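Take a look at the structure set out below.
The values are calculated or read from the model by the stated rules, or taken from the named source; none is laboratory data. Every value quoted in this text rests on a predicted model; they were computed, and no experiment measured them. Quick reminder, even Gly has a Cβ in these numbers, built from the backbone with ideal geometry, and neighbours come from all protein chains shown. The protein model used for the area step is the full one, side chains on, heavy atoms only, and it has no ligands, DNA or RNA in it. Shrake-Rupley method; radii C 1.70, N 1.55, O 1.52, S 1.80 Å.
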Amino acid sequence: MDADSFRRALGNFPSGVTIATTADADGETWGITVSAFCSVSLSPPLVLFCPAVSARSHDVFRRAERYAINVLRPEHRTLALRCAKPGADKFARAGFRTEGGVPVLPSALASLVCRAFDRYDAGDHSILVGEVESVQVNDGLPLVYFDREFRELTPSPLLAPPGRVDRYRDLPLFDTDGADGSHAA
């Protein structure tokens, strides 16, 4: 397997786009765009994100006792690009405010303020697990990263509500004759 094929395969998995934010011991704020983010546990409420070891802010996040994960909307695309670049002034005119000692983005689809729970080495990234202390949730749709580009979701659900046509209802789940080598579960 070559690295480009691996990247292309992973690019076929859409992910939300977040900005992780923290403040260091000197009060300097740090932010990084992250698509490797997910929930881990409901009880206790845990999430994780995976910053690249090569990121300038990696060690700051690795040492941080608190940080926030801000789930972005399509209108945050420019901010996501800014936070993905090293050395950029990530917080200028972005509307962040401080909550629990860390920057949060009030206009985000969701913001989760976390206390560091655990840290793991994982190849060229770290896995940082945080226990969620507070959340802010807003209505809207997420910014999505798919096939190496930012995308928007359509507000149309795949399963139509009663009285509406479901365009996927009659499609088979798999090739029932097994000609493709698949088998029913």
Practice problem: Could you check ILE19 against (1) outside any strand (DSSP E or B); (2) open to solvent by less than 40 Å² (accessible area, probe 1.4 Å); (3) within 16 Å of PHE150 (Cα to Cα) and say which number it fails? | Solution: (1)
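So which of LEU10, LEU81, LEU42 is farther than 18 Å from GLN136 by Cα and out of contact with any strand residue (DSSP E or B) (no Cβ under 8 Å at 6 or more places or on another chain)?
Values: LEU81 fails: out of contact with any strand residue (DSSP E or B) (no Cβ under 8 Å at 6 or more places or on another chain); LEU42 fails: farther than 18 Å from GLN136 by Cα.
It is LEU10.
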Quiz item: Quick one: in segment 22-47, which of the residues that are closer than 14 Å to CYS114 by Cβ and in contact (Cβ under 8 Å) with a residue 60 or more places away in the chain is surrounded by the most Cβ atoms within 10 Å (Cβ to Cβ)?
Solution: THR22
Exercise. Output yes when any residue across segment 97-114 is under 20 Å from ARG151 (Cα atoms) and open to solvent by 40 Å² or more (accessible area, probe 1.4 Å), and no when none is.
Key: yes
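State yes or no: is CYS50 within 12 Å of the chain's Cα centre (by Cα) and exposed (fewer than 13 other Cβ atoms within 10 Å of the Cβ)? Don't jump to the end; show me each part of the working.
Details: within 12 Å of the chain's Cα centre (by Cα): yes; exposed (fewer than 13 other Cβ atoms within 10 Å of the Cβ): no.
Against the criterion (within 12 Å of the chain's Cα centre (by Cα) and exposed (fewer than 13 other Cβ atoms within 10 Å of the Cβ)), CYS50 does not qualify.
If you check ASP175 against the conditions, is it outside any strand (DSSP E or B) and either touching a helix residue (DSSP H, G or I) at 6+ places or on another chain (Cβ under 9 Å) or at pLDDT 80 or above (or both)?
Values: outside any strand (DSSP E or B): yes; either touching a helix residue (DSSP H, G or I) at 6+ places or on another chain (Cβ under 9 Å) or at pLDDT 80 or above (or both): no.
In short, no.
How many residues does segment 135-151 hold that are open to solvent by 40 Å² or more (accessible area, probe 1.4 Å) and polar (S, T, N, Q)?
Applying the first criterion (open to solvent by 40 Å² or more (accessible area, probe 1.4 Å)) to segment 135-151 yields 135, 137-141, 145-151.
Then drop every residue that is not polar (S, T, N, Q), which leaves 138.
Of the residues in segment 135-151, 1 are open to solvent by 40 Å² or more (accessible area, probe 1.4 Å) and polar (S, T, N, Q).
Among what's in segment 30-47 and is under 9 Å from the mean Cα position of the chain (by Cα) and either assigned to a strand (DSSP E or B) or modelled with pLDDT of 95 or more (or both), pick the residue that is farthest from THR98 (Cα to Cα). Break it down into steps so the answer makes sense when it comes.
Within segment 30-47, the first condition is being under 9 Å from the mean Cα position of the chain (by Cα), and the residues that meet it are 33-38.
Now narrow it down to the ones that are either assigned to a strand (DSSP E or B) or modelled with pLDDT of 95 or more (or both): 33-34, 37-38.
Numbers: THR33: 18, VAL34: 20, PHE37: 21, CYS38: 23 Å.
So the residue we want is CYS38.
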Quiz item: So which of ASP2, ASP59, ASP89 ends up being open to solvent by 60 Å² or more (accessible area, probe 1.4 Å) and under 20 Å from GLU131 (Cα atoms)?
Solution: ASP59
